[in-house]
Amino acid sequence: MIDRRGFMMASLAGPALAATASPALAAPAPAALTLPCVISTWDFGIAANQAAWAVLSKGGRALDAVEAGARIPEADLKNHSVGRAGYPDRDGHVTLDASIMDEKGNCGAVAGMEHIAHPISVARRVMERTPHVLLVGDGATQFAMEQGFPHETLLNAESEAAWREWLKTAKYRPVANSEVGTYGHGGAAAPLGVPGGKSNHDTIGMLALDAHGDISGACTTSGMAWKLHGRVGDSPIIGAGLYVDNEVGGATSTGVGEEVIRNCGSFLVVELMRQGRSPQAACEEAVGRILKRKPDAKDLQVGFLAINKRGEVGAWAIQSGFSYALCDGHKQDGLLASGSAT
Ligand code: ASP
């Protein structure tokens, strides 16, 4: 059975992707985007970018743009890796993670939140209406409901069917870090493969620069399908799945969150850019850091996407197959394949 990521990449069409798909080589860095602009992870980032563009093109704020953009895959019933239709954890709970960060360094996040379809908007409320940065689990759901977000059953029929299929052969077996990639056991019939495996991933990470040159970012996911209940990945961890600094630029990540958290991935990319690296070089160095510390991570997938304040973009992944969407005044539906280390 072809897994979802394999299917998505197989079905990707478009000259941009075909022209740059060169897994073993450095992908040609795209020309710098003009301001305002927005970039995001994966092919579903195209639709998200267009929602963000509706804000940016009218002179709107980058923060409003990334929230509007991230809400698109969150609402998409065909997207099983973000938001409302996300695949559940091992025990059948749909638990969502998200973070948001603005040009002033304000940030908010939720992790392991159930029953609320738009975690990115709850993350923004955490940022703007509480003195805190991160709310988790039931507390996050409670806060969201107090803020007027509807309480919903998120596990839909399609996601439940996929989970039940996985359960038929799943032998979940948490083991040590050294075996990441095998800490769940999917079996041949697993529709999405192994939790922590290279194909069991997708997250939208989004970075926007508005007409004033101010940057904001958003990151939202249902996390690794079939994960242990309570597992939280990189996406809601500021500095791991997302980081922006208005003096430098921003970065976001997708893939096996554990590897990103261990290396403070997005913070690392931004700090490397601060030291003078291009976004492309910074993403490559961050991937290299993961592989240097743990060579076995070559069997996993992690991708970084970054932009600096001049609108220069970079992307790099451990494995081929990572794509990213670009949007500015010249072209609103750009899609490129990232290069990769292996
Ligand atoms: N990075 C996310 C996580 O580890 C998932 C993903 O990108 O697929 O939760």
Quick one: GLU165 ticks every box in (1) surrounded by fewer than 22 Cβ atoms within 10 Å (Cβ to Cβ); (2) at pLDDT 90 or above; (3) touching a Ser or Thr at 6+ places or on another chain (Cβ under 6 Å) bar one, so which box is it? (3)
If only one of THR203, THR254 is at pLDDT 95 or above, polar (S, T, N, Q), near the ligand (Cβ under 10 Å from one of its atoms) and open to solvent by less than 20 Å² (accessible area, probe 1.4 Å), which one is it? THR254
Which numbered condition trips up GLY334, out of (1) of a type outside the set (A, V, I, L, M); (2) more than 16 Å from the ligand (Cβ to nearest atom); (3) crowded, with 24+ Cβ neighbours inside 10 Å? (3)
Would you mind telling me which numbered condition in (1) within 16 Å of the ligand (Cβ to nearest atom); (2) open to solvent by 10 Å² or more (accessible area, probe 1.4 Å); (3) not aliphatic (A, V, I, L, M) SER323 fails? (2)
Does LEU268 satisfy the condition of being within 21 Å of GLU312 (Cα to Cα), within 13 Å of the ligand (Cβ to nearest atom) and open to solvent by less than 40 Å² (accessible area, probe 1.4 Å)? no
Go through the stretch 50-155 and tell me which helices (runs of 4 or more DSSP H), entirely inside it, have 2 or more residues that are over 30 Å from ASP328 (Cα atoms) and modelled with pLDDT of 95 or more. 137-146
State yes or no: is ARG274 basic (Lys, Arg) and within 16 Å of the ligand (Cβ to nearest atom)? no
Long-range neighbours under 6 Å by Cβ, at least six apart or interchain, first residue farther than 20 Å from ILE215 by Cβ within the stretch 241-267, second at pLDDT 95 or above and surrounded by fewer than 24 Cβ atoms within 10 Å (Cβ to Cβ): ASN263/ARG289
Test VAL260 against the stated conditions and say whether it is more than 12 Å from the ligand (Cβ to nearest atom) and open to solvent by less than 20 Å² (accessible area, probe 1.4 Å). no
Can you tell me which residues in the stretch 35-47 are outside any loop (DSSP other than H, G, I, E, B) and over 15 Å from THR252 (Cα atoms)? CYS37, ILE46, ALA47
Of the residues in the stretch 61-107, those that are in contact with a helix residue (DSSP H, G or I) (Cβ under 8 Å, 6 or more places away or on another chain), away from the ligand (no atom under 16 Å from the Cβ) and among the small types (Gly, Ala, Ser) come to ALA62, ALA65, ALA68, GLY69, ALA75, GLY92
Restricting the search to the stretch 214-230, which residues are open to solvent by 10 Å² or more (accessible area, probe 1.4 Å) and more than 8 Å from the ligand (Cβ to nearest atom)? ASP214, LEU228, HIS229, GLY230
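The values are calculated or read from the model by the stated rules, or taken from the named source; none is laboratory data. Just so you know, these numbers come straight off a predicted model, no measurement behind them. FYI the Cβ positions are ideal-geometry reconstructions off the backbone, even for glycines, and counts take in every protein chain you see. Calculation scope for accessible area: heavy atoms of the full protein, side chains included, ligands and nucleic acids excluded. Shrake-Rupley method; radii C 1.70, N 1.55, O 1.52, S 1.80 Å.
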